[in-house]
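The structure appears right after this line, and notes come after that.
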Amino acid sequence: MDFTYGAQNRLVHGKYRISTFMPNIDTSNPPVGAPIASAALPATGYVFRLAVVAALGGFLFGYDISIISGALIFLEKEFQLTAFQTGFAVSSAAIGCIVGPLVSVALSDWLGRKKTLMVAAVLLGACAVMTALPRTMSEFYFGRIIGGIGVGLASVVAPMYISEMAPARLRGRLVSLNQLAIVTGLFLAIVVSYALSGGGHWRWMFASTLLPVVIWVCALTILPESPRWLVTKNREREALQLLERSESKEQAQASVDEIKSSISQEEGGWAEVFQPGMRMALMVAVVLAILQQWTGVSILLVYAPTIFQSAGFNTASDAIWQAIPLNIWNIICTAVAFWLVDRTGRKPLLLAGSAAMALGLALMALCFRFGWSGYWVVVVMFLCVGAFVSSLAPLAWLIMAEIFPNRIRGKAMSVAGVALWVAFFCGSQFFPTMIAYSKDRFGSPAGVFWLFAGVCVFSFFFCWRLVPETKGRTLEEIASSWKKRSAHQKLSKGADCSK
């Protein structure tokens, strides 16, 4: 797939143009005294602050995942859970996560990105209360499903909002903030879990989610609406005023004109999502979403304390403690990906990450096959998690948020989001059962990790052959490239038929 148009658009007779939003301005010979840096480059601090607020939804997603992993040991004992019930305690949230992206289509296009994130925050707050005070597992499951709807909404709308607010040169890093927020949530929740594990206070673990929810609700009140959404609602003046807060007036007007031009060529209906060209974009997004979950490392993070218990750390506190340095490593590697994504590009990170995950999961299989327990498992987990959070974890969401046109972005991302959460549900629900089957059939859990390693090998070849490089392209350029690809295919077919 050819995505070279954007680079050619910025390189004219050997001279680079400063802004992706002003393709007709050549700054190689600026007027004397012209304030190029302040006028041409966006106010990155302002955009960064907006991205941080939106990414707090990712923080709550990570916090929720990590809290259940710490509390799961106590839930199993208190309610005498079977392997299936243990899996459903985790995966029940995924049922709501599947519903969330579907609801996000109507809400984000009707209410806007900001108000949809507010709805997500309210649902997550309700989940915190219901999971802290259940009398039965049925009540617990219901609370998890409600929270899952909030997570599903935030998981689609937060990256979408950030991608629509960010300039092309910073989009990779700003959208990756969502993943950095997720892993920060993972870390802080495991610290809270460890602090409360001594007395077995699992109810307080879930109740602690209320604090970041309240902080997020307060922060969302200052968030402006997405300029691209405003343009689709014929509120161009508001979009222009918003863009002028991070760009010069000329750049802001050029951005609005580019968005309007792109939107005028889009139908915006479901039929457009499945048109030639867009079908390929949708397939790439859906497969990346599934691979993010079925390469196995996200499941390992959820069940990390349980896995550490199987590896020889017998007490609940010891098992949870091992997850703390793992989550610190998680944050470090995500920060590395945050730094690299707009420098090296998306594709090199995806290829390197898939290869490293395949190696790490194969080593995990060998650990369980030959009884290399204890810190051997911890070291291999470091390799697997580091590779995952540097590649598929942030980049699946980033690419999903980048590759679709403005009018259908919400619809297409909802399809990919549903695929991701269905994959998460299947993986988290059946992981304990798969482990139990592998132990009974082969004498160890090794078979499950060999399976995950095979999926990582598939991920490498899929990314190599079909995932486009989107670094440095505006959202409108990327959307145009899919349409050009579709037009080229139609011309090729027409030429073949005429022969």
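What follows is calculated from the coordinates using simple rules that are stated; it is not laboratory data. This one's a predicted model, so the numbers in the text were calculated from it and none came from an experiment. Cβ sites come from the backbone with ideal geometry, for glycine too, and all protein chains shown count toward neighbours.
Please work out the FRET efficiency for the pair Asp440 and Trp464, using the Cβ-Cβ distance as r and a Förster radius of 41 Å; give the result to the nearest 0.05.
Details: r = 37 Å, r/R0 = 0.90.
Plugging the Cβ-Cβ distance into 1/(1 + (r/R0)^6) gives 0.65.
Which ordering of Val457, Val380 is given by a fewest-first count of other beta-carbon atoms within 10 Å? Intermediate values should be presented prior to the final figure.
Numbers: Val457 16, Val380 24.
Ascending number of Cβ neighbours within 10 Å: Val457, Val380.
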Self-check item: Candidates per trypsin sites (Lys or Arg not before Pro) in segment 77-153, loop by DSSP, up to 11 other Cβ within 10 Å
Solution: Arg135
Quiz item: Got a sec to turn the phi values of segment 88-94 into Karplus ³J(HN,Hα) couplings, 6.51 cos²θ - 1.76 cosθ + 1.60 with θ = phi - 60°, whole Hz, x for Gly and Pro?
Solution: 6, 4, 7, 7, 4, 4, 5
Self-check item: Trp339 paired with Arg135, simple spin-label distance in nm, labels 7 Å along Cα-to-beta-carbon
Solution: 5.4
Quiz item: Say each of Arg279 and Arg237 gets a label point 7 Å from the Cα, pointing the same way as Cα to Cβ; how far apart are those two points in nm?
Solution: 4.4
Quiz item: Along segment 232-237, what does the Karplus equation 6.51 cos²θ - 1.76 cosθ + 1.60 (θ = phi - 60°) give for ³J(HN,Hα), rounded to whole Hz, x for Gly and Pro?
Solution: 5, 9, 6, 10, 5, 5
Quiz item: ³J(HN,Hα) across segment 447-456 via Karplus (A = 6.51, B = -1.76, C = 1.60, θ = phi - 60°), whole Hz, x for Gly/Pro?
Solution: x, 5, 6, 4, 4, 4, 4, x, 5, 5
Self-check item: Amide N proximity, segment 334-356 versus Arg369 label position 7 Å along Cα-to-Cβ, cut-off under 12 Å
Solution: none
Practice problem: Over the alpha-carbon set of segment 102-175, work out the extent along each principal axis and list the three values in angstrom, largest first. | Solution: 50, 26, 16
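Taking other Cβ within 10 Å of each residue's Cβ, how do Tyr161, Tyr437 sort, fewest first? Mind dumping the intermediate values first?
On the way: Tyr161 32, Tyr437 15.
Lowest count first: Tyr437, Tyr161.
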Quiz item: Of Met118, Met205, how do they rank once you tally other Cβ atoms within 10 Å and put the fewest first?
Solution: Met118, Met205
Exercise. Compute the signed sum of charges (Lys and Arg +1, Asp and Glu -1) over the other residues within less than 15 Å, Cβ to Cβ, of Val119.
Key: +1
Quiz item: In nm, to one decimal, how far is the modelled label at Ala126 from the one at Ile324, with both set 7 Å along Cα→Cβ?
Solution: 3.6
Practice problem: Figure the gain on full extension for Leu359 and Thr221 (residue separation times 0.36 nm, minus the Cα-Cα span) and round it to one decimal in nm. | Solution: 45.2 nm
Quiz item: What is the Cα centroid distance between segment 60-75 and segment 330-370, reported in whole angstrom?
Solution: 23
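Sort the following peptides by mean Cβ neighbour count (other Cβ atoms within 10 Å, averaged over residues), highest first: 361-368, 207-214, 102-109.
Working: 361-368: 22.9, 207-214: 18.2, 102-109: 20.8.
Ranked from most to least packed, the peptides come out as 361-368, 102-109, 207-214.
In this model, which of Lys233/Lys260; Lys115/Lys233; Lys114/Lys249; Lys115/Lys471 are farther than 18 Å apart at the alpha-carbon? Numbers along the way, then the final one.
Details: Lys233/Lys260 11 Å; Lys115/Lys233 15 Å; Lys114/Lys249 24 Å; Lys115/Lys471 29 Å.
With Cα atoms farther than 18 Å apart: Lys114/Lys249; Lys115/Lys471.
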Quiz item: What is the gain in length, in nm to one decimal, between Lys115 and Val214 on full extension, counting 0.36 nm per residue of separation less the C-alpha to C-alpha distance?
Solution: 34.1 nm
